[in-house]
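Any read-out appearing in this document is the output of simple, stated calculations on the displayed coordinates, not a laboratory observation. It should be emphasised that the depicted structure is a prediction, and the values quoted were computed from it without experimental measurement. Every residue, glycine among them, receives a Cβ derived from its backbone with ideal geometry; neighbour counts consider all protein chains shown.
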Amino acid sequence: QVQLVESGGGLVQAGGSLTLSCQASGFTFSDYAMNWFRQAPGKEREWVATISSTIIDVAYAGAVKGRFFISRDNAKNMVSLQMNNLRVEDTAVYYCSARVRRIDYWGQGTQVTVSS
């Protein structure tokens, strides 16, 4: 069964860095693109970044471009999100996701809180 488990969230001061990880299982990880989304308090869930299965293509939301970097390790079935120069407005629950056989799967989310 498809499972996605995020980890690495926590409390960090503005300007600091944090790396999130997502451990995947239950599907052929290397065949699928992976995504990161986030949902801030009182706001809709928004897309953050995507990495293709071949790692050739990456894409970022404008709000995080140049600060966040997505990567994956297909041998470990893991996708990561390196977050640098964090801002208070980056505070959110972060989710990894994948569309597997036309169905969207989501992890449980990990909380990132950025303090001023």
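Points worth noting:
- Residue among Asp31, Asp104, Asp90 with the largest mean-square fluctuation in a Gaussian network model of the chain, springs linking Cα atoms under 10 Å: Asp104
- Under-5 Å amide H pairs with Thr19, H placed in peptide plane, nonlocal only: Met83
- Annotation: amide H-H contacts under 5 Å for Arg72 (H modelled 1.01 Å from N, sequence separation of 5 or more, or interchain): Ser80.
- Under 14 Å, Cβ to Cβ, from Gly9 - net charge with Lys/Arg +1 and Asp/Glu -1: -1
- Charged-residue dipole, Cβ positions (Lys, Arg, Asp, Glu), the chain about Cα centre, Debye nearest 20: 80 debye
- For the chain, Kirkwood radius (reciprocal of mean inverse C-alpha pair distance, Å): 14.1 Å
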